[in-house]
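To start, the structure under review is shown below, and the notes come after it.
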Amino acid sequence: MTSGLVQTEEHGGVLTVWLNRPEKRNALSGALVEALSLALAGAGGGEAVQVILLRGKGPDFCAGADLVELEGMLGQSREEGLADARRLGALLLSMRRHPNPIIAAVHGRALAGGCGLATACDVILARDDAELGYPEVRLGFVPAMVMAILRRKLTEGRAFDLVTSGNRITAEEALRIGLVSRVLPTAEFDEQVVAFAADLAERPASALLLTKSLLYEQADLTVEEGIERGAQVNVQARETDACMDGIRAFLDRKRGSTG
């Protein structure tokens, strides 16, 4: 599917979603936020898509908000500004709540809103020359909507340092502090990104869905509530065909190797 600002292609259970404003370094305009929201909403709940891979066309993953568009909004009413901010917030929340795992493949720059977009994904794979960061404070702005997610991914001290310094960090530094999951070499980046997504898509869909939802539910639960919720999901998983088939296949292989 091609819709101008966002392009999608599906292969082997992986839906690749491309940000397609390369001439603007994939800056997040209102129209791009809306197009991305629609693309992700249309991918949920089906059997064909197991994993979503989010990428950017051109030299950068996403260089941040569209500042030209933002400048034009500076004189708007508080209500209009709040409605615009909530649209981006709703996108980030929908990514966290999306049933499918979402992988960000970050190359070039992922800054400000672009870094927020990557942070809202479940996994970040960064090319070894990538730059990430939240420079909003240097413009008198705040990386506001993503803060709730960032605070859950990093320690409080590291999150504070990242958002108040406004510094750009390398892929290796982002890996060290836990912002990205893996750093991949430039020469093999595309190949390894596709292989990672394809490998994840081979997992039983029911197991991926239950694992993602349970993991994020834990943030709002006490230890006792989290364990009880885990017990409920444990039983729910046992009742799926994928779990039954997987256990029987494993035992059949083990019995065959010892027979």
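The values are calculated or read from the model by the stated rules, or taken from the named source; none is laboratory data. Since this is a predicted model, take the numbers as computed values, not measurements. No Cβ is skipped: glycine too gets one built from the backbone with ideal geometry, and neighbour counts run over all protein chains shown. Only protein heavy atoms, including side chains, enter the accessible area calculation; ligands, DNA and RNA are left aside. Shrake-Rupley method; radii C 1.70, N 1.55, O 1.52, S 1.80 Å.
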Cβ-placed point charges (K, R +1; D, E -1), dipole of the chain about Cα centre in debye, nearest 20: 320 debye
Within segment 4-117, percent of DSSP bridges classed antiparallel, to nearest 5: 35 percent
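Pop the C-beta distance of V142 and I247 into the FRET formula with R0 = 51 Å and round what comes out to the nearest 0.05. Let's see the in-between values first.
On the way: r = 49 Å, r/R0 = 0.96.
E(calc), rounded to 0.05, equals 0.55.
State whether segment 194-259 is rounded, prolate or oblate according to the following rule on the C-alpha gyration tensor (a ≥ b ≥ c being the square roots of its eigenvalues): a/c under 1.5 gives rounded; otherwise a/b larger than b/c gives prolate, and the remaining case gives oblate.
Details: a/c = 2.82, a/b = 1.53, b/c = 1.84.
Here segment 194-259 falls in the oblate category.
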Mean Cα-pair separation over length for the chain, i.e. relative contact order, pairs under 8 Å, 6 or more apart, %: 16 percent
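Within 13 Å, Cβ to Cβ, of A159, how many net charges do the neighbouring residues add up to if Lys/Arg are +1 and Asp/Glu are -1? Write down the numbers at each step before the final one.
Numbers: positive: R151, R152, K153, R158; negative: E156, D161.
So the surrounding residues net to +2.
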Accessible-area composition of segment 1-150, carbon plus sulfur, in percent [1.4 Å probe]: 56 percent
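So with the 1.4 Å probe, I'd like the accessible area per residue for segment 116-232, rounded to whole Å².
Result: 55 Å² of accessible area for each residue.
Ignoring everything except DSSP H segments at least 4 long, calculate the 222 nm mean residue ellipticity for the chain; use -39,500 (n - 2.57) per segment, divide by total residues, nearest 500.
Using -39500 (n - 2.57) per qualifying helix, the result is -15500 deg cm²/dmol.
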Among P185, P143, P22: highest mean-square fluctuation, GNM of the chain, C-alpha pairs under 10 Å: P185
Spatial extent of segment 133-259: Rg and Dmax, with the Cα atoms as the point set, Å: 20.4, 70
Relative contact order (%) - criterion: Cα under 8 Å, at least six apart; region: segment 151-235: 20 percent
Under 21 Å from K212, Cα to Cα: lysines that are on another chain or at least 8 residues apart: K153
Those aspartates and glutamates that a straight Cα-Cα span of less than 18 Å connects to K254, excepting residues fewer than 8 apart in one chain: D245
Percent accessible area from carbon and sulfur atoms, segment 154-213, protein chains only, probe 1.4 Å: 55 percent
Dipole of segment 203-256 [Lys/Arg +1, Asp/Glu -1 at C-beta], most positive-end residue of P204, V235, L215: P204
Nearest-ten-degree value, helix 30-43 long axis tilted from longest Cα axis of the chain: 10 degrees
Nearest-10 value in Å² for the accessible area of M244, using the 1.4 Å probe: 70 Å²
Descending Cα extents along the principal axes, the chain, whole Å: 73, 43, 34
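Students often check this: by mean Cβ neighbours within 10 Å, which of 6-15, 247-256 ranks highest, and how do the rest follow?
Values: 6-15: 17.4, 247-256: 9.8.
The peptides rank, most packed first, as 6-15, 247-256.
In units of 2.2 N^0.38 Å, what is the alpha-carbon radius of gyration of segment 56-205? Don't skip to the answer; put the middle values down first.
Values: Rg = 15.8 Å, N = 150, 2.2 N^0.38 = 14.8 Å.
Rg over 2.2 N^0.38 Å, computed on Cα atoms: 1.07.
Please give the charge dipole size of segment 156-259, origin at the Cα centre, charges +1 on K and R Cβ atoms and -1 on D and E Cβ atoms. Round to the nearest 20 debye. All intermediate terms of the calculation are to be shown ahead of the outcome.
Working: 12 positive and 18 negative charges, 77 e Å.
So the magnitude is around 360 debye.
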Hits among lysines - C-alpha to C-alpha of K24 under 26 Å, sequence gap 8 or more where chains match: K57
Angle between the chain longest axis and helix 156-165 axis [Cα atoms, degrees, rounded to 10]: 30 degrees
